[in-house]
Every structure is written in C-alpha cells, then in structure tokens.
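A.B. asks: Mind having a look at this structure? Questions to follow.
The values are calculated or read from the model by the stated rules, or taken from the named source; none is laboratory data. Every value quoted in this text rests on a predicted model; they were computed, and no experiment measured them. We place every Cβ from the backbone using ideal geometry, glycine too, and count neighbours over all the protein chains shown.
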Amino acid sequence: MPKLIKNGQLVDDDARILVLDETQAPEELTLAAGPVFVPFAVWQAHKGQLSGRAGLGVWLDSHEDVAELVPDLDSISAVALNFPKFTDGRAYSSAALLRTRYGFTGEIRAIGDVMRDQFFFMQRCGFDTLQPKAGKYSDAQLEEALASLKDFSTPYQAAVDQPEPLFRRAARAA
Amino acid sequence: MYRYDTYDQKIVDERVAQFREQTRRYLAGELTDDEFRPLRLQNGLYIQRHAPMLRVAVPYGLLASRQVRQLAHIARTYDKGYAHITTRQNVQFNWPALEAVPEILAGLASVEMHAIQTSGACIRNITSDPFAGVAGDEHIDPRPWCEVLRQWSTFHPEFAFLPRKFKIAVNGAAEDRAVIQCHDIGLELKRDAAGEIGFRVLVGGGMGRTPIIGEEISDFVPWQHIITYCEAILRVYNRYGRRDNLYKARIKILVKSLGIAEFKRQVEEEWVFGKNGPNTLTEAEVARVAGHFTTPAYASLPADDAGYVSQRAANPAFAAWTRRNVLAHKVPGYAVVVLSLKNPARAPGDVTAEQLDLVADWADAHSFGEVRATHEQNLVLADVRQSELFAVWEKARAAGLATPTFGLLTDLICCPGGDFCALANAKSIPIANAIQARFDDLDYLYDIGDIELNISGCMNSCGHHHVGHIGILGVDKNGEEWYQVSLGGSQGNHTSIGKVIGRSFAAAEMPGVIAKIIDVYLAQRQAGERFIETVRRTGLEPFKLGVYGDAAVKERKQNA
Ligand code: HEM
Ligand code: SF4
C-alpha cells in the first residue's frame, strides 16, 4: 500500500484521487467502493448522496476557489488541494484560508506535484497530510524525507502552524 | 547595522544545511533538472552561459567590513577574482562551481549573510536608499522597516511560489533614491497629520518587457499594519495573478487588468481579516530592530574642515573628485563618498577581490566599518570625516576606485548582457566601455552634467534602460546584435518611461549615436537645464533629427 505523511508520521493510505477524463460527465458517475477523493464538480453534482459517505474527500484544483466549499465543509471530512506543478503556489493560500478563515479542522491533503522540498511550507500553511507525487520516493526515501518537515526550527512569520510571529513568540535580545 | 541574534543565525545555518542536502540529491540524480531549478533559484543560483551564477543578498545594500572581506574571499577562492554589484544592491558571482555553492553559503552564513530569495518567484531582496541615515532630505530612516520586512518575507510559507518574482523597495527621504515607482510594492515612509509614521503604498510597478509605473493603492497605512497590508496584497496576487503566461505573470498585469480601484477593493477586503491580527507590528519589535540602526559616534566637528578646504584648492584632481563623488552629509564635518565602479577598464559594477579587501579596510579606518552597495552599481562609504577625504581619495585612486564621474554620462548602469547572461539578445558591457572610451574628457563630461545612461541586453531590463535618461536596449535582428535607443526615461520622484527614438543601431555606431544626442542637448539646452529637463521641454524631435538626419525623419513621417 502506498505511504504518505500524516501529522508528521508515515502511514499507509490507499485513497484514490478520482480524475475525470474529458468524456466523463460528473453527473453520470457511479463511484466504486473504498476511500476516494472526488473532484469538486463531482461533489457538486452528487452532494446529496455523497454526504456522510465513509472515506470520502473532495479535491480542488489550484484555480478552484475554496470559498465555494464553505457551505459544505460540515459534511466533508477531508479536502485535498492539488499542485498541478510544484511551482504553482495557489494551494498554499487555499489551505491557509480553509484553516483560518473557514475554520476547517478535517484533513487537508497536498496532492499532485508534491515533493519533500515543499513539506515545510505546506505544513506551515495547514496541510496535515502530504501525498508525494506517485513513484517519487521509495518508502525508505520517504522516511528520510520526514526530515524536511523540520528544515527550519524557528520561522519568522505567523502561519497556520504557529499563529504568532517570532516577535510575539520570543523575547528577542535587542 | 542589523546584527543577527540566535534566531536569525539559526535560520541561515539551517538554510545552508537544507541547500547542501538539495544539492547532494541533485548530484545523486534524485532531483531532476526541472525539480532542482526552482530550489536553486530560491538560493540565487542561475545556470548561465559559462557557469552557474550566484546572487548573494545584500539586504537594502548594507554591508559590514567583515562581510565585504568574505565577498573578497569568495571571489578569490571560488570565482575568478571579482564580483559584480547588481541594480538591486546585491552581489553576483559569475563563475562558482555548483558543487562549491553549499560551502560558499556556509562562508556567507559565518558573516550573517545568505543568498535566500535572491531569485525565483518569491519575495526578493528588499532595496532602499543607499544614503539612508545620512542624507539631509531624509524624514524617516527606512532601514529598520526594511529589516522588519526582510524577516517577514524570509521563507514566508504562503508566498514561496508566487506567479512571478516580487520586489519591494522602501524610501524615506524627500527624493526617491530607491526607484519605488518601478517595484511590485513601493513604500514611501511618511507621517500623518498627527505625526504618526506610516507608508504610502504603491503597487504594480515594474520594468521588464512591459514597463509600468506603480499606482497608489493607499496614501497612508499606519506602521503597525504594514505587514498585514503587504500580506493582503500578496495573497490577492498569489491567488489571482496569471500563471498561464510568464510574460503576464507580474503583479503589474493583474493590477492593470483589474484596475487599481478594483484591485484595492480586493486587497482591503482581504486585509479586514489580517488587520489587527498577530502580524500587527508591536512597538517593542520596531524598537528592537531600530536599535540596530543607531547614529554612529559622530565627533562634533566644524561644518567646513579647514584642511579639506585647502586640499581642494591646492589639488584640482582631488577637487574634481570631491565635486562629483563626495556628497553632503547631514552631520557637520562628515561626507558621503561614492567609490566608483565605473572604471572604463572594467565592466560597470565589477569589483575585484583586492579592491573589496581595500574597501573593507577603508570602511574600518574611515567609516565606522560599513559599506553600502547602490542600485547604480557603485559602493559608498557613508560616514567619512572631511578631514580624511584626501587620504581616502589617494587610496581609492591608487586602487582604481576614484573615477570622478558619479552621476555623469559614463557612470552608467549596465546589466551583464551577452557576455554572461543566457537570455541576452546582445552584449551590453562592450557598449558601456565603448561609450566610456569615447567620453573620456572630464571637462566635457562635467559640462554635460547630470545624466543617466542605462543599458540592458534584453527586454528583461535588468539594466533599467526604461528609466534611463538615455536607455539602450539590446535587440536581436536576424541573429545579429542591435541596439535600440530611448530618451526621456527617469527614476526618482518624476519617474517616467523612455520613448524609443527610431530604428536601432549596430554596436559600432553606438558611441557616435550617443555623441549626436549629447550634441543636440548642448545646442538646445537653456541655462542651468539638465539633460532630462531639455528632453522634457523639447520632446524627441530635435534628437531624432540630430541622430537620423533631416531626410530620414521626413521619410519616416511620410511612411507613417
Ligand atoms: C545574469 C543572469 C540574469 C538573469 C537570467 C536575469 C533574468 C531576469 C528576468 C527574466 C527578468 C524579467 C523579469 C520579469 O519581468 O518578470 C529580469 C529583470 C530584472 N533583473 Fe535580471 N537577470 C539576470 C541578472 C541580473 C543582474 C546582474 C541584475 C542587476 C544588475 C538584474 C536585475 C534585474 C532588474 C532590476 C530587473 C527588472 C525588474 C523589474 O522588472 O521590475 N538581473 N531579470
Ligand atoms: S537585461 Fe537581459 S541580458 Fe541583461 S542581465 Fe537581464 S536578462 Fe540578461
């Protein structure tokens, strides 16, 4: 079973990320059993049925606005935010907004072009679950990659993980 | 100047370790070129024509003598014996080996320096007035605010992968010496009616292929809120800036497409959530940082040192240097010295390891151990006693750092261009040197007076050609190097974008073209009028006529 990082630990995870191809309309979809993240469009089309289904999450692409999920957040236990390219940094803002402005306490998972070099930033912005790009790391390499979560021990700014900036957290000598 | 505490030091040390590990993985094949690129860029590491190029951050242009010595050491040990001062007050090395970069970064960290965010689509080095703290026209010292913003922007987790690079500049004097109108965010320190400090905020300025002058988004953001306000701007930009087209990805394009009023509305709607939150600055933090920028222990001296007055009278060469390269200081008896990096024998902005070591010694002996880098690619000793100017001049002259041309035609800004840069359309350094060779008569240069000539090797505008009184841009015509000339650009309080005068020129024509432009100016100028003022008054027509001749101008008009 593939591994990912959840709250700083390596865990097994077999949730599928459902990606529609162009021929599939969200309305006409039947979902196989098992844990799955559905695209936002599928969620919208099948909210009624999907609400409360075990192991169900919704994933948003980087251009999709998390504000649209807000009315449904109570019935969603996990949100995945896609990094189509790791240089596309929109999901950092999306995650931060989910956690701070919209008060979402469920899982926020980073998916797509996810590498260890972003782990530190992702965790700071409120991602608790990091699913590296498929095939990027062996289990052993992922174990090693946990170190990247601790690249910097005392960051300057306030962020989701540390809501106060350094100048409020520490008494700094003049 | 700012000294690191254990927190600051730890962050740069941890960065060195992180980059060492990233470089190891790259060399071991665990990171692809594409994966490594954004990582190395965030550490100022480009792969250029000949070798990697490493850009070292010089926050708001301030250097301590031991940092200058470290730069000299790097130039000597890992490069070909020289460094380059950039138009963003940073330092570049053109020849380091990739494998050596972690070691170089460790050396930098040992003197409280780094290369963090000197490149890449993130918040870059914050630039400012090179005369901060010593200029007579300063209302508020920008340096503490630059440092506060530097810390906020360093490894900001939400803004490490923006649509494009993001540059912030801060100015606190009557005259803008930080080009704030051409930055993604330009901050002007000011006081409100109650005397409280705050910022006028400009947004969406920039050069590159679409030069745009920043627009005012707020006329006063109180100092407590400057971080939350910047965060709101950055968040709107991160979410809505274009990512489909590299050339349209800067914030200026977003601001233009939404219009400043709508952009401001979005920013202030976002700001509601951050304002008064934990990122609100505290008096204690500002006082802590400002405590690093205290007034040095100035002696109380007469306004005019008698020895200095007589040395000037006795030595015309010294007098000439003081007229251009020595500027007034707000403290009586002191002066600001510009050490020129525009020696015609070198590329503009280049400085050798030996020169750097000497400059560090002079800083210790004559200027409280500090040096500044300017965006016009010179170095500055900001606190020299008038009585010591002669000694400084003699040393600088012996070291080739006393070219007495500050602010004159040959004190030009010039990007590395085709000699180094993989993006270049054309070389820029040889054009600069050819112009310097053509205009080597000091009396003539003094007669021409204040003028700014800026050269970029391509539309990216690293050499600020858009805001040069005379701008030169390298263009590619069927694989050949040509140069387009613009006039009327300007930085400072009256920032304007230059206009192209007509067809472009071959390299060999360029000194002659500049000579013709200068001839027109000298013929047209009214008493006391500087070059840019004449261009503004007459428009481009007389210059086109002077450069292309009567027939060519008529013909163009008919074809138009
Ligand atoms: C040699 C390697 C370099 C490369 C590959 C490079 C690349 C670029 C690119 C692509 C841009 C356009 C960015 C945009 O509009 O989005 C740019 C702009 C700029 N670069 Fe460079 N550059 C280099 C060196 C330098 C140097 C040495 C300096 C300083 C002397 C410099 C200063 C600037 C400045 C001031 C801008 C304009 C900023 C603006 O558009 O607002 N660059 N550079
Ligand atoms: S202006 Fe063009 S040629 Fe000059 S350094 Fe920038 S990218 Fe290179």
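Yes or no, residue by residue, for (1) within 14 Å of another protein chain (Cβ to nearest Cβ); (2) surrounded by 17 or more Cβ atoms within 10 Å (Cβ to Cβ); (3) under 30 Å from residue B:364 (Cβ atoms):
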position	(1), (2), (3)
B:208	no, yes, no
B:266	yes, yes, no
B:269	yes, no, no
B:284	yes, no, no
B:289	yes, yes, yes
B:298	no, no, yes
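A.B. asks: Select from segment A:145-174 the residues that are among the basic types (Lys, Arg) and at the interface with chain B (Cβ under 8 Å from one of its Cβ atoms) and list them in ascending order.
C.D. replies: Once the filter is applied, which keeps residues that are among the basic types (Lys, Arg) and at the interface with chain B (Cβ under 8 Å from one of its Cβ atoms), segment A:145-174 yields A:168, A:172.
A.B. asks: Yes or no: residue A:78 small (Gly, Ala, Ser) and more than 19 Å from residue A:15 (Cα to Cα)?
C.D. replies: no
A.B. asks: Scan segment B:69-101 for residues that are in contact with a Phe, Trp or Tyr (Cβ under 8 Å, 6 or more places away or on another chain), at pLDDT 95 or above and of a type in the set (Gly, Ala, Ser) and report the count.
C.D. replies: So the count comes out to 2.
A.B. asks: Scan segment B:1-51 residue by residue and report those that are of a type in the set (Ser, Thr, Tyr) and at pLDDT below 95.
C.D. replies: Result: B:23, B:26, B:32, B:46.
A.B. asks: Quick one: which residue in B:84, B:139 is farther than 21 Å from residue B:370 by Cα and outside the structural domain of residue B:328 (by TED's automatic domain parsing)?
C.D. replies: B:139
A.B. asks: In the list B:433, B:460, B:454, B:478, which residue meets the criterion of being modelled with pLDDT of 95 or more and surrounded by fewer than 24 Cβ atoms within 10 Å (Cβ to Cβ)?
C.D. replies: Only one candidate qualifies: B:433.
A.B. asks: May I ask you to verify whether residue B:38 is within 14 Å of chain A (Cβ to nearest Cβ) and touching a Cys at 6+ places or on another chain (Cβ under 8 Å)?
C.D. replies: So residue B:38 does not fit the description; no.
A.B. asks: Taking only segment B:298-341 into account, find how many residues are in contact (Cβ under 8 Å) with a residue 60 or more places away in the chain, of a type in the set (A, V, I, L, M, F, W, C) and closer than 26 Å to residue B:1 by Cβ.
C.D. replies: So the answer is 10.
A.B. asks: Still on this structure, please answer the following. Determine if segment B:70-91 includes at least one residue that is away from ligand 2 (no atom under 16 Å from the Cβ), closer than 19 Å to residue B:360 by Cα and touching an Asp or Glu at 6+ places or on another chain (Cβ under 6 Å).
C.D. replies: Checked against the condition, which is being away from ligand 2 (no atom under 16 Å from the Cβ), closer than 19 Å to residue B:360 by Cα and touching an Asp or Glu at 6+ places or on another chain (Cβ under 6 Å), segment B:70-91 yields at least one hit.
A.B. asks: I would also like to ask the following. Could you please find all residues in segment B:147-174 being touching a Ser or Thr at 6+ places or on another chain (Cβ under 8 Å) and within 14 Å of chain A (Cβ to nearest Cβ)?
C.D. replies: Of everything in segment B:147-174, those that are touching a Ser or Thr at 6+ places or on another chain (Cβ under 8 Å) and within 14 Å of chain A (Cβ to nearest Cβ) turn out to be B:158, B:159, B:161, B:165.
A.B. asks: Sort out which residues of segment A:97-109 are within 13 Å of the chain's Cα centre (by Cα), within 12 Å of another protein chain (Cβ to nearest Cβ) and not charged (D, E, K, R), and write them in order of number.
C.D. replies: Result: A:97, single match.
A.B. asks: Being among the β-branched types (Val, Ile, Thr), in a helix (DSSP H, G or I) and at pLDDT 95 or above narrows it down to one of B:148, B:170, so name that one.
C.D. replies: B:148
A.B. asks: Now, a different point. Tell me, please, whether a residue that is within 17 Å of the chain's Cα centre (by Cα), buried (at least 20 other Cβ atoms within 10 Å of the Cβ), at pLDDT 95 or above and not charged (D, E, K, R) can be found in segment B:385-399.
C.D. replies: No; the residues of segment B:385-399 include none that is within 17 Å of the chain's Cα centre (by Cα), buried (at least 20 other Cβ atoms within 10 Å of the Cβ), at pLDDT 95 or above and not charged (D, E, K, R).
So that you can scan it fast, the table gives a plain yes or no per residue for (1) surrounded by fewer than 22 Cβ atoms within 10 Å (Cβ to Cβ); (2) closer than 30 Å to residue B:204 by Cα:
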{"position": "B:36", "(1), (2)": "yes, yes"}
{"position": "B:44", "(1), (2)": "no, yes"}
{"position": "B:91", "(1), (2)": "no, yes"}
{"position": "B:99", "(1), (2)": "yes, no"}
{"position": "B:102", "(1), (2)": "yes, no"}
{"position": "B:112", "(1), (2)": "yes, no"}
{"position": "B:118", "(1), (2)": "no, yes"}
{"position": "B:124", "(1), (2)": "no, yes"}
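A.B. asks: Condition first: under 19 Å from residue B:86 (Cα atoms), assigned to a loop (DSSP other than H, G, I, E, B) and more than 16 Å from ligand 1 (Cβ to nearest atom). Can you find one or more residues in segment B:410-424 that meet it?
C.D. replies: Yes, segment B:410-424 has at least one match.
A.B. asks: For segment B:509-534, enumerate the residues that are of a type in the set (A, V, I, L, M) and free of Cβ contacts under 8 Å to residues at least 24 places away in the same chain.
C.D. replies: Passing the criteria: B:523, B:527.
A.B. asks: So if I check each of B:218, B:257, which one is assigned to a helix (DSSP H, G or I), in the same structural domain as residue B:161 (by TED's automatic domain parsing) and not acidic (Asp, Glu)?
C.D. replies: Result: B:257 is the single residue among B:218, B:257 that is assigned to a helix (DSSP H, G or I), in the same structural domain as residue B:161 (by TED's automatic domain parsing) and not acidic (Asp, Glu).
A.B. asks: Is it true that some residue in segment A:35-56 is away from chain B (no Cβ under 14 Å), among the polar types (S, T, N, Q), outside any loop (DSSP other than H, G, I, E, B) and more than 30 Å from residue A:115 (Cβ to Cβ)?
C.D. replies: yes
A.B. asks: When you go through A:47, A:6 one by one, which is the residue that is surrounded by 15 or more Cβ atoms within 10 Å (Cβ to Cβ), charged (D, E, K, R) and within 24 Å of residue A:95 (Cβ to Cβ)?
C.D. replies: Just one listed residue meets the conditions, A:6.
A.B. asks: Further question on the same structure: Among the residues of segment A:130-144, are any modelled with pLDDT of 95 or more, more than 11 Å from chain B (Cβ to nearest Cβ) and assigned to a loop (DSSP other than H, G, I, E, B)?
C.D. replies: yes
A.B. asks: State yes or no: is residue B:433 among the polar types (S, T, N, Q), within 16 Å of ligand 2 (Cβ to nearest atom), part of a loop (DSSP other than H, G, I, E, B) and away from chain A (no Cβ under 14 Å)?
C.D. replies: no
A.B. asks: Among the listed residues B:405, B:374, B:352, identify the single one that is farther than 21 Å from residue B:64 by Cβ and either in contact with a helix residue (DSSP H, G or I) (Cβ under 9 Å, 6 or more places away or on another chain) or among the aliphatic types (A, V, I, L, M) (or both).
C.D. replies: On inspection, the qualifying residue turns out to be B:405.
A.B. asks: Hey, can you tell me all the residues within segment B:436-469 that are away from ligand 2 (no atom under 14 Å from the Cβ) and either without any contact (Cβ under 8 Å) to a residue 60 or more places away in the chain or in a loop (DSSP other than H, G, I, E, B) (or both)?
C.D. replies: B:439, B:440, B:441, B:443, B:444, B:445, B:449, B:450, B:451, B:452, B:469
A.B. asks: I would also like to ask the following. Restricted to segment B:337-346, and to residues that are hydrophobic (A, V, I, L, M, F, W, C) and out of contact with any Asp or Glu (no Cβ under 8 Å at 6 or more places or on another chain), which residue is nearest to residue B:82 (Cα to Cα)?
C.D. replies: That would be B:345.
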